[in-house]
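S.K.: First the structure, which I've put down as structure tokens, then a few questions once you've had a look.
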Amino acid sequence: MRRYTTFPSQAFPILSYLSKDGQILSGSMPVHTLRQACDMLRPFEAPQGAGLVHMTLSMPVGRTLTDDVWLAVARRVLIASGLPSEIVPWIMFGREATHCDHIHIVAALQTFTGRHLEIATSVRETDRIERDVCQLLGLPDPSWRPDPEMVLAPPITVRARRKSGQAAWFAGDLNAVMSKARPASLSALNDVLRARGSPWSLTLSENSPGMLIPRNVLTGKTINPRLAGSAYSSVLILNRLALAARIRAVALTVFLRRVAEAIRNLPELTHTLKGPSHDRPEYGPRPHARDARQDARGRAAVAPAVAAPRPRSGGHYDRVRGQVDRAAGRSRRSADGTDRSVHGTNGGNVRPAVAAGRPPGRHGLPDGERRSRGGWVTLIYRLARRGSLHLRHRFVADGSAIMLMGKSGERAILDMAETVIITGDDIPLGPWRDLLDRLVRDAGCTIDLIPDAVTQNDDPTLV
């Protein structure tokens, strides 16, 4: 009980075909002959009207329906198609001498008052109407048909294989390309067809936008792709290309998610990608809030969380410390505390500074108390924001020095152990020089001027 539709522009050709046998069974027009029906349908024909629609409904072989049941089925199909049976001119013709009981419905695509209507002809709507009529009549449910818009390679009709060899040839090549290569555009489809040795190519019609014209380069002939079945119309072929593009995007998304999940499941690889953390304090285990915190005398006591101290002695640290000192051209302090380096004599300094007994600046700590790495970083960025300077930093020399890098390529090394700034002999004017001056003035640092090649050195042994 599937609805088959055609759209004739005039009533006479289709009613002449029906006049060979059968009779008018019912309708919404007071007519008794096909000639009267032609006269009443003439105002609704094209071009003065919206045109007509011809529907065919057939019962399985061996089963028949009465006229009243056929009338109920016709009205149900018209309403489901978007044509209200009470306000649309239509007739039902049947009782032809054929091997199965069937009817023909000829209706206008507008109401009696001239309002145009749209009929639902998609495969999805046709399947829905067929299932509804089968359930109404108690017929077996129709076999499931996939939506042609969601299938890359739909089946080729038996009629096309038997009567249209060219259309079946084109459909076979198109299915092979879409199912394997999944091209996402018309140009990509033609490229894949050519690469597979197929003689077919598709072009858009210049006269009818959205219509595809398959051409065989061997024979030079063009065909109508619908000869291979309704699933091979131009609209559905273009929808198939859009479906292939969505499948490609989904496949790429799934692949990237699996890669990300695999990386998360490999802790060694995750640690390698994130890199080592040199500035993260290592805290000891903290007691839970529910645990009783009491000392030996029964008094409540809360132990402060103390960061684990970093080693400041040993062979490795002494070697790295010596490399920084040699890069600056200075020696270590002597046992009595006197400074034997170049900056100790204040030679070549940009700003004079007191070598011993440095007074604390506005952001400094009291005398005799060493500033931590976090304190140095906080101070540097506070001074940089005050001068509207954008910079980056990284720890070098086993974490005992900070390399400062400006946005325009400026570089300097702050030796936290010696409170010395190592920089090039050509300090640019502007925010960078103001930052160094503030470190000298507020933090009590001194400046060592060395050739630019030293500050630009990225020797991995300093990291």
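The values are calculated or read from the model by the stated rules, or taken from the named source; none is laboratory data. Worth saying up front: this structure is predicted, and the values here are computed from it rather than measured. Every residue, glycine as well, gets a Cβ built from its backbone with ideal geometry; the counts of neighbours run over all protein chains shown. SASA here: full protein model, heavy atoms, side chains in, ligands and nucleic acids out. Shrake-Rupley method; radii C 1.70, N 1.55, O 1.52, S 1.80 Å.
S.K.: Look through ALA171, ALA249, ALA262, ALA228 and report the one residue that is out of contact with any Asp or Glu (no Cβ under 9 Å at 6 or more places or on another chain) and at pLDDT 90 or above.
M.R.: ALA249
S.K.: Please go through (1) at pLDDT 90 or above; (2) more than 46 Å from the chain's Cα centre (by Cα); (3) among the charged types (D, E, K, R); (4) open to solvent by 30 Å² or more (accessible area, probe 1.4 Å) for ARG115 and return the number of the only condition it doesn't satisfy.
M.R.: ARG115 satisfies every listed condition except (2).
S.K.: Please find, within segment 145-166, the residue that is least open to solvent (accessible area, probe 1.4 Å) out of those that are aliphatic (A, V, I, L, M) and within 12 Å of ALA231 (Cβ to Cβ).
M.R.: Filtering segment 145-166 for residues that are aliphatic (A, V, I, L, M) and within 12 Å of ALA231 (Cβ to Cβ), the one least open to solvent (accessible area, probe 1.4 Å) comes out as ALA160.
S.K.: Could I ask something else about it? Tell me which of these VAL88 doesn't satisfy, since it passes every other one: (1) assigned to a loop (DSSP other than H, G, I, E, B); (2) open to solvent by 20 Å² or more (accessible area, probe 1.4 Å); (3) of a type outside the set (Phe, Trp, Tyr).
M.R.: Every condition holds for VAL88 apart from (2).
S.K.: Please go through segment 224-237 and give me each residue that is among the aliphatic types (A, V, I, L, M) and either crowded, with 16+ Cβ neighbours inside 10 Å or more than 19 Å from PRO209 (Cα to Cα) (or both), ordered by number.
M.R.: Across segment 224-237, the qualifying residues are LEU227, ALA228, ALA231, LEU236, ILE237.
S.K.: Of all residues in segment 379-402, which are open to solvent by 70 Å² or more (accessible area, probe 1.4 Å) and assigned to a helix (DSSP H, G or I)?
M.R.: Within segment 379-402, ARG382, ARG385, ARG386 meet the criteria.
S.K.: Now a separate question. Just to verify a result, which residue in segment 403-447, among those that are surrounded by fewer than 18 Cβ atoms within 10 Å (Cβ to Cβ) and part of a strand (DSSP E or B), is farthest from the chain's Cα centre (by Cα)?
M.R.: Among residues in segment 403-447 that are surrounded by fewer than 18 Cβ atoms within 10 Å (Cβ to Cβ) and part of a strand (DSSP E or B), the one farthest from the chain's Cα centre (by Cα) is GLY424.
S.K.: Also: What pairs can you find where one residue is in segment 77-105 and within 23 Å of VAL61 (Cα to Cα), the other is among the small types (Gly, Ala, Ser) and open to solvent by 10 Å² or more (accessible area, probe 1.4 Å), and their Cβ atoms are less than 6 Å apart, with a gap of 6+ or different chains?
M.R.: MET92/SER26; MET92/GLY27; PHE93/GLY22; GLY94/GLY22; ARG95/GLY22; GLU96/GLY22; CYS100/SER58; HIS102/SER58
S.K.: A follow-up question, please. Go through segment 204-221 and count every residue that is more than 10 Å from PHE170 (Cβ to Cβ) and surrounded by 13 or more Cβ atoms within 10 Å (Cβ to Cβ).
M.R.: 4
S.K.: Just a yes or no: is a residue in segment 270-284 aliphatic (A, V, I, L, M), in a helix (DSSP H, G or I) and either modelled with pLDDT of 70 or more or surrounded by 10 or more Cβ atoms within 10 Å (Cβ to Cβ) (or both)? It would help to see each step written out before you state the result.
M.R.: First, pick out the residues of segment 270-284 that are aliphatic (A, V, I, L, M): 273.
When the remaining residues are screened for being in a helix (DSSP H, G or I), the result is 273.
Cutting the leftovers down to either modelled with pLDDT of 70 or more or surrounded by 10 or more Cβ atoms within 10 Å (Cβ to Cβ) (or both) gives us none.
No, because not a single residue in segment 270-284 is aliphatic (A, V, I, L, M), in a helix (DSSP H, G or I) and either modelled with pLDDT of 70 or more or surrounded by 10 or more Cβ atoms within 10 Å (Cβ to Cβ) (or both).
S.K.: Then there is this: Is there any pair with a first residue in segment 19-42 that is closer than 23 Å to THR98 by Cβ and a second that is among the β-branched types (Val, Ile, Thr) whose Cβ atoms are under 6 Å apart and which are 6 or more apart or on different chains, and what are they?
M.R.: From segment 19-42, the pairs are ILE24/ILE91; GLY27/ILE91; ALA37/VAL31; ALA37/ILE91.
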